[in-house]
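*Asks:* One structure coming up, written as structure tokens, with questions to follow.
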Amino acid sequence: RTVYVNGEFLPEDQAHVSIFDRGFLMADGVYEVVSVLDGKLLDFAGHMARLERSLAELQIPNPLSAEEYLAIHRDLVARNEITDGLVYLQVTRGNPGDRDFAYPSADTPQTVVMFTQSKPGLADAPAARTGWKVISVEDLRWHRRDIKTVQLLYPSMAKMEAKARGVDDAWLVEDGKVTEGTSNNAYIVKDGKIITRQLSQDILHGITRAAVLRFAREAQMQVEERSFTIEEAQSADEAFVTSASAFVMPVVEVDGQPVGTGQVGQVATRLREIYLEESRKAVV
Ligand code: PLP
């Protein structure tokens with residue numbers, strides 16, 4: 001693979017960052033994941049807007065413009081001959097040359113790393129026809145989940161718990177209510193209404209979530225932004241998650257209980273179709 005690091009395109013085994021990089025020592029950095037279909041980028045502007053916001057919340061200057069990020073994304077997709085896959089982008093506060101809790105001086109350059117992941121057939125994932133099974137685990141993450149930081153240890157632990165229990169993902173629960181999945185936003189459907197947690201600092205403001213809710217409203221589907229419990233999910237008609245890499249993924253089981261019929265639901269299937277169709281019209 002050819003990867004990007006701080007202005008250079010290099011073979012992955014020649015790309016390096018410092019051991020003093022704050023991304024490495026303190027998880028002091030943010031990231032984005034943009035999906036690629038037919039060699040084109042989905043929802044690119046949305047991901048750039050969120051990157052800008054995540055950096056601003058952490059007072060990390062944004063080292064590149066959206067145009068520059070776009071050029072690097074396109075360059076990596078071309079150099080790695082990606083048809084379907086993902087582009088990962090990470091910006092950290094950089095390398096102060098030593099370890100210190102205080103932020104380094106403003107002239108410390110940020111570290112920018114980008115790489116591709118090839119995922120042939122990304123849009124036709126067989127899992128979309130069978131759906132995911134999820135378990136619930138307590139949400140023990142920090143309280144600024146609206147910032148897309150590289151601090152991913154707890155979601156990683158929750159994913160491992162899901163794997164150990166033979167399912168696909170975990171839904172995180174705080175004060176009795178589902179916040180989101182380990183790396184996706186969570187939804188239920190009841191009596192035709194799509195229900196998903198309202199935006200706040202408790203969840204990541206998913207770019208796919210914003211698009212899916214917009215398309216759902218345009219298609220005259222009812223949307224309610226509020227939190228819900230695991231019991232509500234288990235007695236819902238359908239459930240699903242959204243993310244840049246899973247698009248709209250049906251959920252058919254929650255903590256061992258089937259959701260609705262236990263089969264992939266019509267609303268999730270339709271939203272997946274609409275999302276893919278509409279997003280493909282706006283690729284860059
Ligand atoms: N929630 C969390 C915790 C995530 O990590 C992600 C994606 O990585 C999402 C939600 C979905 O966001 P997006 O649709 O922008 O990929």
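*Asks:* I'd like to verify a number: residues in the range 136-149 that are in a loop (DSSP other than H, G, I, E, B) and within 11 Å of the ligand (Cβ to nearest atom), how many?
*Replies:* Residues flagged as in a loop (DSSP other than H, G, I, E, B) and within 11 Å of the ligand (Cβ to nearest atom) within the range 136-149 amount to 6.
*Asks:* Please identify the pairs in which a residue from the range 193-210 that is within 24 Å of S235 (Cα to Cα) and basic (K, R) has its Cβ atom under 8 Å from the Cβ atom of a residue that is assigned to a loop (DSSP other than H, G, I, E, B) and near the ligand (Cβ under 8 Å from one of its atoms), counting only partners at least 6 apart or on another chain.
*Replies:* Listed pairs, sorted by first residue: R197/I203.
*Asks:* Small (G, A, S) and crowded, with 17+ Cβ neighbours inside 10 Å: which single residue out of G192, G206 fits that description? Working first, answer last.
*Replies:* Details: G192 fails: crowded, with 17+ Cβ neighbours inside 10 Å.
So the residue among G192, G206 that is small (G, A, S) and crowded, with 17+ Cβ neighbours inside 10 Å is G206.
*Asks:* Given (1) more than 8 Å from the ligand (Cβ to nearest atom); (2) surrounded by 20 or more Cβ atoms within 10 Å (Cβ to Cβ); (3) of a type in the set (K, R), where does K177 come up short, assuming only one miss?
*Replies:* (2)
*Asks:* Collect the residues in the range 201-216 that are in contact with a His (Cβ under 8 Å, 6 or more places away or on another chain) and either more than 22 Å from V283 (Cα to Cα) or more than 6 Å from the ligand (Cβ to nearest atom) (or both), keeping them in residue-number order.
*Replies:* Q201, D202
*Asks:* Every residue in the range 219-239 that is among the charged types (D, E, K, R) and either at pLDDT below 95 or in a helix (DSSP H, G or I) (or both), please. Full working, then the answer.
*Replies:* Initially, the range 219-239 is screened for residues among the charged types (D, E, K, R), giving 224-226, 231-232, 237-238.
Passing the criteria: E231, E232.
*Asks:* Now a separate question. Do you know which of the residues in the range 162-172 that are surrounded by fewer than 16 Cβ atoms within 10 Å (Cβ to Cβ) and outside any loop (DSSP other than H, G, I, E, B) is farthest from the ligand (Cβ to nearest atom)? It would help to see each step written out before you state the result.
*Replies:* Let us first name the residues in the range 162-172 that are surrounded by fewer than 16 Cβ atoms within 10 Å (Cβ to Cβ), namely 163-166.
Subset that is outside any loop (DSSP other than H, G, I, E, B): 163-164.
Numbers: K163: 17, A164: 20 Å.
In this case the residue turns out to be A164.
*Asks:* In the range 159-179, how many residues are touching a residue at least 60 places away in the same chain (Cβ under 8 Å) and within 17 Å of T242 (Cβ to Cβ)?
*Replies:* Counting residues in the range 159-179 that are touching a residue at least 60 places away in the same chain (Cβ under 8 Å) and within 17 Å of T242 (Cβ to Cβ) gives 2.
*Asks:* On to the next question. With the condition kept exactly as written, say whether any residue in the range 187-200 is within 14 Å of the ligand (Cβ to nearest atom), charged (D, E, K, R) and under 15 Å from the mean Cα position of the chain (by Cα).
*Replies:* No, there is no match, as no residue in the range 187-200 is within 14 Å of the ligand (Cβ to nearest atom), charged (D, E, K, R) and under 15 Å from the mean Cα position of the chain (by Cα).
*Asks:* Next up: Quick one: count up the residues across the range 230-279 that are out of contact with any helix residue (DSSP H, G or I) (no Cβ under 7 Å at 6 or more places or on another chain) and more than 16 Å from the ligand (Cβ to nearest atom).
*Replies:* So the count comes out to 23.
*Asks:* Right, I188: more than 28 Å from L51 (Cβ to Cβ), in a strand (DSSP E or B) and out of contact with any His (no Cβ under 9 Å at 6 or more places or on another chain) or not? Steps first, answer last, please.
*Replies:* Numbers: more than 28 Å from L51 (Cβ to Cβ): yes; in a strand (DSSP E or B): yes; out of contact with any His (no Cβ under 9 Å at 6 or more places or on another chain): yes.
Yes; evaluated as a whole, the condition is true for this residue.
This table checks each residue for (1) of a type outside the set (D, E, K, R); (2) not in a strand (DSSP E or B).
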position	(1), (2)
I194	yes, no
H205	yes, yes
T208	yes, yes
R217	no, yes
V241	yes, no
G260	yes, yes
T269	yes, yes
R272	no, yes
E277	no, yes
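The values are calculated or read from the model by the stated rules, or taken from the named source; none is laboratory data. Keep in mind that this is a model prediction, so the values were computed, not measured. FYI the Cβ positions are ideal-geometry reconstructions off the backbone, even for glycines, and counts take in every protein chain you see.
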